[in-house]
Structure formats: structure tokens, C-alpha cells
Amino acid sequence: MDKKLFIKLKNGKLKPERILDLHGWSYQKAFSEVIAFITVAYQDEKRLILIITGKGNNEIESDNYFLESRRGVLRQAFPVWLESKELRHLILNVTPAHSIHGGDGAYYVYLKKNSQNIPA
């Protein structure tokens with residue numbers, strides 16, 4: 001990602017092509033939906049997507065992401081999900097969203113170009 005594009009992204013000047021809001025979802029449902037959402041966006045040749053995890057509040061200190069009563073679970077797990085074998089090769093850049101798009105409770109995911117759909 002070039003510097004000019006990154007600055008526009010950080011300043012909220014780029015409009016996401018697709019948005020996924022995970023508010024109120026369980027860990028497992030959110031995880032599977034994020035994989036499907038990013039995969040379909042990549043296949044559809046979208047480059048900039050926004051995923052809203054929510055900020056969470058009153059966090060309990062624990063490393064167990066499966067505690068449904070814990071707050072901020074999706075926000076903390078999201079970066080780990082992006083490192084999964086299904087997704088890491090599709091993603092060029094991930095950065096927290098500008099305040100107009102959710103701030104610390106959302107992430108811009110900038111996808112690589114889909115080279116499979118480019119005509120030879």
C-alpha cells in the first residue's frame with residue numbers, strides 16, 4: 001500500500017466497499033462470518049472493507065476467548081483471526097478505522113488484488 005493511499009485511509013477519506021458489523025454475535029459465528037466475508041469480498045475484487053467488532057467494555061482479564069460473558073472478545077480476537085491460513089494471503093493491510101467509521105471498535109481491511117480474476 002503506498003503512502004498516499006494509506007494517509008487517505010487513516011484520515012477516513014476512503015469509503016469502504018463493504019461493511020460487516022459483528023455487534024452482538026458469538027465468537028464462533030463472528031469468526032466464521034469474518035472468513036466468509038473477507039473471502040467473498042476478495043473474490044468480488046473489492047479492496048477496502050470495514051469490519052466493526054465493537055469496542056467492548058468492562059473487560060475481564062483472561063486469555064480465554066470462548067468466555068461469552070467476557071467483554072471485548074471479538075475486538076481482541078479479530079487480529080488473530082486475520083492470521084489464519086484462510087485469510088492471511090488475501091490481506092495487504094489492516095488498520096484501526098477512522099472515528100467516522102467506528103474508530104477503535106472497527107478495522108479497515110485492505111485486500112490484495114485478486115490475481116485469479118485478471119485476464120491474461
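Backbone phi angles across the stretch 23-39, fed through the Karplus curve with coefficients 6.51, -1.76 and 1.60 (θ = phi - 60°), yield HN-Hα couplings of 3, x, 8, 6, 4, 5, 5, 4, 4, 5, 5, 5, 4, 5, 4, 5, 4 Hz in residue order; Gly and Pro are listed as x. Multiplying the residue separation of SER26 and LYS3 by 0.36 nm and subtracting their alpha-carbon distance yields 4.7 nm. Here the gap between LYS13 and ILE91, fully extended at 0.36 nm per residue and compared with their Cα-Cα distance, gives a gain of 26.1 nm. Near the amide H of ASP21, within less than 5 Å, lie the amide hydrogens of ILE52, all on another chain or at least 5 residues away, with H placed in the peptide plane. Summarising the amide proton neighbourhood of GLU86: residues at separation of 5 or more, or on other chains, whose placed amide H is nearer than 5 Å comprise an empty set. Amide H contacts of LEU48: GLU17, LEU111, each under 5 Å away and 5 or more positions distant or on a separate chain (H built 1.01 Å from N in the peptide plane; Pro and chain starts excluded).
Between GLU83 and THR39, the simple spin-label model (points 7 angstrom out along Cα→Cβ) gives 2.2 nm.
Only the coordinates and a few stated rules stand behind these numbers; no lab work does. Note that the coordinates shown come from a computational prediction; the quantities given were computed from them, not determined experimentally. Please note: Cβ atoms are built from the backbone with ideal geometry, for glycine as well, and neighbour counts cover all protein chains shown.
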